[in-house]
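One structure is given below, encoded as structure tokens.
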Amino acid sequence: MSSSLPGRSILPIVLLSAAGFTVLTTEFIIVGLLPAMARDLRVDIPTAGLLVTLFAFTVAVTGPPLVAFMSRFDRKRLFVATLLLFALSNVLAGTASNFGVMAFARFIPALMLPVFWSLASETAVNITGPERAGKAISMVSFGVVAATIFGIPIGTLVADAFGWRVAFGALAALAFAKAALLFFCMPPVAKKLEKPAPVLEQLGILRDKIVAGHVLLSLLVFAGMFTAYTYLADILERLGGYSGTEVGWILMGFGAVGLLGNWLGGKLVDRSPLGASIAFCLPIALAMASVVAVVQSKPALAAVLAVWGIGQAALFTAAHVRVMKAASANPALGASLNISGANMGIGLGALAGGRVIDAFGLPFVGWAAAGVIGLSIAAALILMWASRQQSQPVADLDSAPCPDAGGCGR
């Protein structure tokens, strides 16, 4: 984003990015805690992985209607309320005595995650203007990248040293602190003057086949990524022989390279949304297919995870901007639809990865993930062709010779 923007315009985006760190850490922290939680709650790894599926499916199903409904409320109050709800849910997760209580604790924040992320994205785009949507969302997305750099691995390190319950307690304290920060420091956020359309009318945007295709593409991309990423900590522990502390530092490195991916994604998606998606899907598929083969070689593992981490962070940003641009008439709902499709993909990916582990074993998870990413690339190419076909009749009409001397009324 241009540095010429006044500080008071940048401040809301910075605060939302900081809050987004806590929101997204709440969703993804479980990736690093999965082995320890499974042991303590006395369930196997595929069953524990269902917590990822539950969270993601809840976001996918409830996200669009909740965003459409809550878009009428004051943004600042809504953001503060969301952080408070996340704090309480993390307290419940940290004190969960069984798998059922933990599932309920994960269900609560899943209701509000798409509301926060969609309206935070819309707020950022409104501040910078649609022509800088990629840069604006990459700034908000920095909270997502920071969650993978610091949130997930530090949670893993805290869990290894003090137990996974302490990790959730620390996250609850952080959510309370971020709620206070938003309440006292965030300036009022201007709302649109027009009254929001009814929920069902807003959801009618899915009748546009191109918009629906972009949402489906997000589903496939995230399904591919999370077929393997959900079980990355388990791969590192069981197949690589790394300790919990080592896994935490490896995940931190994985997230750190995501800084580059976040920047690249925000830069390239404004030029070609579908081209950027394809460009990052290709290397990530190769990396996921290779991870098990190199897991015991630290230099090779570092190289493979660097490619994977850059591609994954870039695809977070690219997918979000891609769907918002496709649904430009209602960017907040477009953001929600992307979150819905992405989380449906996350849930399906976690579920698919668990089934692959049950049926074939942990070493085959990377190959299954790469196969789904291959389907994503095919879907992106089809969508690119369909988008060109949709715009072709207009171009042909504009260039057609006029049969009369009056200039066709022009």
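In this structure, no residue pair taken from K76/K178; K209/K325; K267/K325 has a Cα-Cα separation over 20 Å. Normalised by the number of residues in region 1-99, the mean separation of alpha-carbon contacts (under 8 Å, six or more apart) gives a relative contact order of 34 percent. Region 318-363 to region 70-104: how many Å between their Cα centroids? Value for the Cα centre distance between the two parts: 21 Å.
Every number in this text was worked out from the coordinates using simple rules, so none of it is lab data. Just so you know, these numbers come straight off a predicted model, no measurement behind them.
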